[in-house]
Amino acid sequence: MNIETLNADNVVEFIADIFERRGAESYLGEPVTMSEHMLQGAWLAEQEGAPDVLVAAALLHDIGHYTSEFGPYSPDDVEDKHHDEAGGEVLAPFFPPVIVECVRLHVAAKRYLCATDPTYFSRLSPASVHTLSLQGGPMDGEEVAEFRSNPFHEEAVKVRIWDEGGKVAGMKTRTFRDYVPLLEKVVKDFAGAA
Ligand code: FE
């Protein structure tokens, strides 16, 4: 299956299949697997009483590491190159803009927080500090202003904080399957509204 055969009725199952086949891959430099990382982000969102769309955004924020699964993307998706933009792009046909923007901005949100929250940098994992420099370092004033002009920037910051918190070995979470009904509902609501 590739992106041309995906629709609102099969996209959640498609994503669940990616998680189940590939979620055990390591999350480079972190003590958790990719699926543990994304499930932890979703769990942290839930603990804070986040709305379904933000739980979904936390759960799917790193889907851009698997864009080769969606067809017309580079097979080189193990690298950390532009997984933010690519992830937003593959979700955009099926998920509402708030989710797409949180995924697309999750790296930018890290650069934003490093520029605007003095305590945030000290909370980054060593691997996240390393990628920060590759990602352009903290934002400058102009980039901060541009980031704030995005209507979903506050949501993107929340997702980023759950992302950063989801790197703990052994945290108890739900399974991906537990989120299928939530994801189905988000997709159906968006398809219905479109
Ligand atoms: Fe992440």
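The values are calculated or read from the model by the stated rules, or taken from the named source; none is laboratory data. Given the structure is predicted, the values throughout are model-derived calculations rather than measurements. Please note: Cβ atoms are built from the backbone with ideal geometry, for glycine as well, and neighbour counts cover all protein chains shown. These accessible areas exclude ligands, DNA and RNA; they are computed on the full protein's heavy atoms, side chains included. Shrake-Rupley method; radii C 1.70, N 1.55, O 1.52, S 1.80 Å.
Does segment 180-192 include one or more residues that are in contact (Cβ under 8 Å) with a residue 40 or more places away in the chain, open to solvent by 80 Å² or more (accessible area, probe 1.4 Å) and within 16 Å of the ligand (Cβ to nearest atom)?
Within segment 180-192, not a single residue is in contact (Cβ under 8 Å) with a residue 40 or more places away in the chain, open to solvent by 80 Å² or more (accessible area, probe 1.4 Å) and within 16 Å of the ligand (Cβ to nearest atom).
Suppose the filter is of a type outside the set (Val, Ile, Thr) and over 14 Å from VAL186 (Cα atoms); does ALA56 pass it? For ALA56, the condition - of a type outside the set (Val, Ile, Thr) and over 14 Å from VAL186 (Cα atoms) - is not met.
Of the residues VAL129, VAL98, the single one that is hydrophobic (A, V, I, L, M, F, W, C), more than 16 Å from the chain's Cα centre (by Cα) and open to solvent by less than 60 Å² (accessible area, probe 1.4 Å) is VAL129. Just checking, how many residues over segment 129-152 are hydrophobic (A, V, I, L, M, F, W, C), at pLDDT below 95 and under 12 Å from ALA115 (Cβ atoms)? Summing the residues that are hydrophobic (A, V, I, L, M, F, W, C), at pLDDT below 95 and under 12 Å from ALA115 (Cβ atoms) in segment 129-152 gives 1.
The set of residues from segment 37-72 being outside any loop (DSSP other than H, G, I, E, B), at pLDDT below 95 and more than 11 Å from the ligand (Cβ to nearest atom) comprises TYR66, THR67, SER68, GLU69, PHE70. Would you pick out the residues in segment 1-36 that are polar (S, T, N, Q) and within 16 Å of the ligand (Cβ to nearest atom)? Answer for segment 1-36, where residues must be polar (S, T, N, Q) and within 16 Å of the ligand (Cβ to nearest atom): SER26, THR33, SER35.
Annotation note: of GLU142, GLU154, the sole residue that is closer than 21 Å to PRO51 by Cβ and open to solvent by 80 Å² or more (accessible area, probe 1.4 Å) is GLU154.
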